[in-house]
Amino acid sequence: MSTENMSTKLDRRSSKHAKWNLWLNKFGVYFMVILFIAFGTLISDKFLTVSNFMNIIQAVAMLGIVAVGVSFITYSGHFADMSVPVIMAFSGIIAVGAVKYGIVISILLGIAAGLSIGLVNAFVIGKLRANPIIWTLAVAFVMNGFIRWAYSGNQIYPDVESKGNVAGQIFVNLSRMNVFGSLPLMVLVMFIVVIIGQILLTKTKFGLQLKLIGSNYEAAKMTGVNVSRTVGLAFILSSVTTSIGGIFLTSLAKVGAYYNGIGYDFNAVTAIVLGGMTLAGGRGNAIGVLGGVFTLGLLSNIMTLIGVDTFSQAIVKGIIFIIVVGINAKSLRKLGRDDA
Amino acid sequence: MLNIIRSKNISKWIDNNRIYLIFIVVFLLATAFAPNFFNLFNLTNILRGASLGMMVAIGFTIVMICGHMDLSVASTLNLGAILVIGMQPRFGWTVSLIAAVLAGGIVGIINGLLVAKAKIHSFIVTLGTMTIVQGIIYMYSHGSSINVTDFALADWIDKAVIPLLPPRVLITVIAVALFEVFLTRTPYGKGFYMVGGNKETAWLAGFNTDRYLINAFTISALMAALGGALFSISISSAVPNMGEKGVSPLMIVLAATIIGGTSMAGGKGSIVKSAVAVIALGTLFNGLNCFGTGYEVQIFASGLVLAIVVLYEAFALYKQDRLRGQRPELLKELEDGRFKKI
């Protein structure tokens, strides 16, 4: 009798802990966001203003758009997409090249360019099961060389390419445009992408299948999930959002070049993992990823306000990244889910 | 039946030695078609260019054999490069070289401890240390390139004292040979393959798996720092952002390791093959350079080689996966008519 009592007590306690740990694992990143906001308010009175927050969100909007797309890949247990920088560069440079045919065609062609790389990735990784990191790395090499060769290493400018057309001006304004009064277009797109991503990941058949694949590929296959199609779709979605991010980046830089988007691959992974997704797959959600993106933005904003130089910022960011992910992995291990 | 066995053996042999075949093909093509390729000066140049990658590939391959990934090698080699140059005017070459390599070793120990003891995914740990070390490098160098005051060593280390083998290349080749022997001939070295193949089994068999992981990351960082230091000595200066806008050394080494046949899942791989792959990529770059093609074609070509190798591996696995649970040799006998269909 007493042992039974004991065990139920232990059960209850462990389940309480489990719930807490699970909650921490899912939305713990927002703790950090609140912590940073509180800290920022304490140290500077310039921090808690609308314009500063708009700055922060605008600075990370492109990373947010990209990271939500890449999170589909991480969610399915395929680590990350190393071809993110070249997809961004390629979609941007194609969009700039097509700007003379009008702004709509330019954007559509840009996204199509990124999508074409995504389709190749989807086929090779989804169907032929190549290692995602190495294959996307090879794609990055090939496309980097191709873009440099096709444009002879030059940059192209939207206002020159449009030949006096108004579309060039619109293209440059894309990243500076406000809708509904004072909401930047980039931020609106980021929130739309996050909401769509969250619904896709948690509410649809596709998301559930992706979770199953991320948790256990073989089991998913045996259950009858069309694994190659689902994994392929994740890569295609990632390439679409990445090319949207690439077009915004190109518009912001006012120049289409092969080096646009360098660093976005690892930054996206940082944001995704900070947001509670594990590289093992099948865990996390898009809102968490958004939290990870905000964390990065807040961190650099606060450090700039304090007056930390860029080089030390990298060090602090790296340390916080490792600590946060370590805590996350430990909380998962306490749950008995030793796969982080 | 005999035919099947023989063809299987041949394809297996090709699989095992594919990097040597790739190297020979690239080398022969370059010799035949590229102008000014086959002469002592140019061949020495290829080896000089490849020695940095070879040095980094040693440790990188060991980490990969353990089933992990070290993204921080590029930063660590940069750290070694910048420290040895920055400290030389005050302390002289010997002290600064030792200090630079040891600094790299500290990075490796931190990586290893975080991966083995804190049990964080190696991809994440090394991504973090990559950022941290890069920040330290920028802080140390204030973002500008550094030069030395003593150029004598730079002259000596890249001069072809022995034909084809300047001291820097010689050091690299010796290091590759030593680590290959260590990994394949000594009981301790063979343990790396055990740990990478199946960590649980290795642990049950009495291997100290944590110690192996820490050692692997430490070797990787030490060799990366040594390679970077030797490289920067040979050019007498160091920049904080080596290969940032082009293709980073990490990507070259990763590509070479994969082309050399090391598996990302762990438990399989060879240092010599990785080193030969680095030389093969260098030969490809150099051969294309002889035609006067630009850097972009070289990136494109190396990407293409990597893509073909990955595709080939993936396709082989795909075929194997489709045949899983079947007995092709029995089906073949059935087709041959040895057995009657019921």
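Please give the average number of partner chain Cβ atoms lying within 10 Å of the Cβ of each residue in A:147-157, rounded to a whole number.
So the per-residue partner count for this stretch is 2.
I want the local charge near B:F207. Using Cβ-Cβ distances under 14 Å, sum +1 for each Lys or Arg and -1 for each Asp or Glu among the other residues. Within the 14 Å Cβ shell, the charges total +1.
Region B:68-98 and region B:280-342 have Cα centres spaced 39 Å apart. Calculation over all alpha carbon pairs of region B:2-336 in 20 angstrom steps from 0 returns a P(r) of 29, 56, 14, 1 percent.
Could you look at region A:28-334 and say what percent of its accessible area is carbon and sulfur, using a 1.4 Å probe and all protein chains? Mind dumping the intermediate values first?
Details: 8020 of 11610 Å².
Result for region A:28-334: 69 percent of the exposed heavy-atom area is carbon or sulfur.
Shown here is the pair-distance distribution of chain A: with all Cα-Cα distances grouped in 20 Å bins from zero up to the longest one, the shares run 29, 55, 14, 2, 0 percent.
For chain A, a Gaussian network of Cα nodes joined below 10 Å ranks A:G114, A:G207, A:G153 by mean-square fluctuation, and the top entry is A:G153.
Between helix A:2-43 and chain A there is an angle of about 30 degrees, using the helix long axis and the longest principal axis of the Cα atoms. When the label point is put 7 Å from the Cα of B:A32 along its Cα-to-beta-carbon vector, which residues of region B:301-328 have a backbone N closer than 20 Å? Taking a point 7 Å out along Cα→Cβ of B:A32, the residues of region B:301-328 whose backbone N falls under 20 Å are B:301-302, B:305. When the convex hull of the Cα atoms of region B:34-96 is projected onto a plane and the area is averaged over all directions, what value comes out in nm²? Answer in nm², one decimal: 6.9. Comparing mean-square fluctuations of B:G86, B:G287, B:G325 from a GNM of chain B with C-alpha springs under 10 Å, the top value falls on B:G325. If R0 equals 45 Å, the separation of the Cβ atoms of A:I196 and B:T186 corresponds to a calculated FRET efficiency of about 0.20. Note on B:Y295 and B:L323: with the Förster distance fixed at 30 Å, the Cβ-Cβ geometry gives a FRET efficiency of about 0.10. Straight-line reach from A:K330: which aspartates and glutamates fall under 18 Å, measuring Cα to Cα and dropping same-chain residues less than 8 apart? Partners within reach: A:D338, A:D339, B:D210.
Other chains near A:308-318: what is the mean number of their Cβ atoms within 10 Å of each residue's Cβ? Intermediate results must be reported in sequence, preceding the final value.
Details: counts 0, 5, 4, 11, 4, 2, 10, 8, 3, 4, 11.
If you average over the peptide's residues, the count of other-chain Cβ atoms is 6.
Ranking request for peptides B:302-311, A:132-141, A:96-105: highest mean number of other beta-carbon atoms within 10 Å first, then the rest in descending order. Before the final figure, lay out the partial values.
Details: B:302-311: 20.8, A:132-141: 25.2, A:96-105: 19.0.
Result, highest mean Cβ count within 10 Å first: A:132-141, B:302-311, A:96-105.
When a/c is below 1.5 the answer is rounded, else prolate if a/b is larger than b/c, else oblate, so apply that to region A:108-249 with a ≥ b ≥ c taken from the square roots of the Cα gyration tensor eigenvalues. Show your work: numbers first, answer last.
Values: a/c = 3.60, a/b = 1.48, b/c = 2.43.
Because a/c hits 1.5 or more and a/b fails to exceed b/c, region A:108-249 counts as oblate.
Let me make sure I get this right: for region A:250-333, a, b and c are the square roots of the gyration tensor eigenvalues over alpha carbons, sorted descending. Under 1.5 in a/c it's rounded, otherwise prolate if a/b > b/c, else oblate. Which is it? Oblate, since a/c reaches 1.5 and b/c is not below a/b. Structural size metrics of region A:207-293, computed from C-alpha coordinates, are Rg and Dmax of 15.5, 49 Å. Against the compact-protein benchmark of 2.2 N^0.38 Å, the Cα-based radius of gyration of the protein assembly as shown scales to 1.00.
From the Cα gyration tensor of region B:208-342, with a ≥ b ≥ c the square roots of its eigenvalues, which class applies: rounded if a/c is under 1.5, or else prolate if a/b is larger than b/c, or else oblate?
Working: a/c = 3.82, a/b = 1.84, b/c = 2.08.
Cα axes put region B:208-342 in the oblate bin.
Taking each residue as 0.36 nm, the span from B:W13 to B:A152 lengthens on full extension beyond its C-alpha to C-alpha distance by 45.4 nm. Inter-chain Cβ neighbour count for A:77-85, averaged per residue, equals 1 (cutoff 10 Å, partner chain atoms only). Counting only alpha carbon atoms, the long axis of helix B:93-116 and the longest principal axis of chain B meet at about 40°.
Comparing each chain alone with all protein chains together (probe 1.4 Å, DNA, RNA and ligands left out), the residues of region B:121-158 losing at least 50 Å² of accessible area are B:H121, B:F123, B:I124, B:L127, B:I132, B:M139.
With the charge dipole of region B:2-336 set up from +1 on Lys and Arg Cβ and -1 on Asp and Glu Cβ about the Cα centre, the Cα lying farthest toward the positive end among the listed residues B:L226, B:I19, B:A99 is that of B:I19. Evaluated with a Cβ-only charge set (Lys, Arg +1; Asp, Glu -1), region B:2-336 carries a dipole of roughly 500 debye about its Cα centre, given to the nearest 20. Here the spin labels are modelled as points 7 Å beyond Cα on the Cα-Cβ line, and at A:F180 and B:L334 they lie 6.3 nm apart. Helix B:40-65: angle to the longest alpha-carbon principal axis of chain B, degrees 0 to 90, nearest 10? Relative to chain B, helix B:40-65 is tipped by roughly 70 degrees.
Interface between chains A and B: roughly 3900 Å² of accessible area buried, both sides summed (probe 1.4 Å, protein heavy atoms only). Over the Cα atoms of region B:178-247, the radius of gyration divided by the Kirkwood radius equals 1.16; this is the Rg/Rh ratio. Within the shell defined by Cβ-Cβ distances under 12 Å, the residues around A:A140 carry a net charge of -2, with Lys and Arg each +1 and Asp and Glu each -1. Placing pseudo-labels 7 Å out from each Cα toward the beta carbon at A:V166 and A:T304 gives an inter-label distance of 3.3 nm.
The values are calculated or read from the model by the stated rules, or taken from the named source; none is laboratory data. As the structure is a computational prediction, the values presented were derived from the model and not from experiment. All Cβ positions, even for glycine, are placed from backbone atoms using ideal geometry, and neighbour counts span all protein chains on display. For the accessible areas, the whole protein counts, side chains as well, though only heavy atoms, and no ligand, DNA or RNA atoms are used. Shrake-Rupley method; radii C 1.70, N 1.55, O 1.52, S 1.80 Å.
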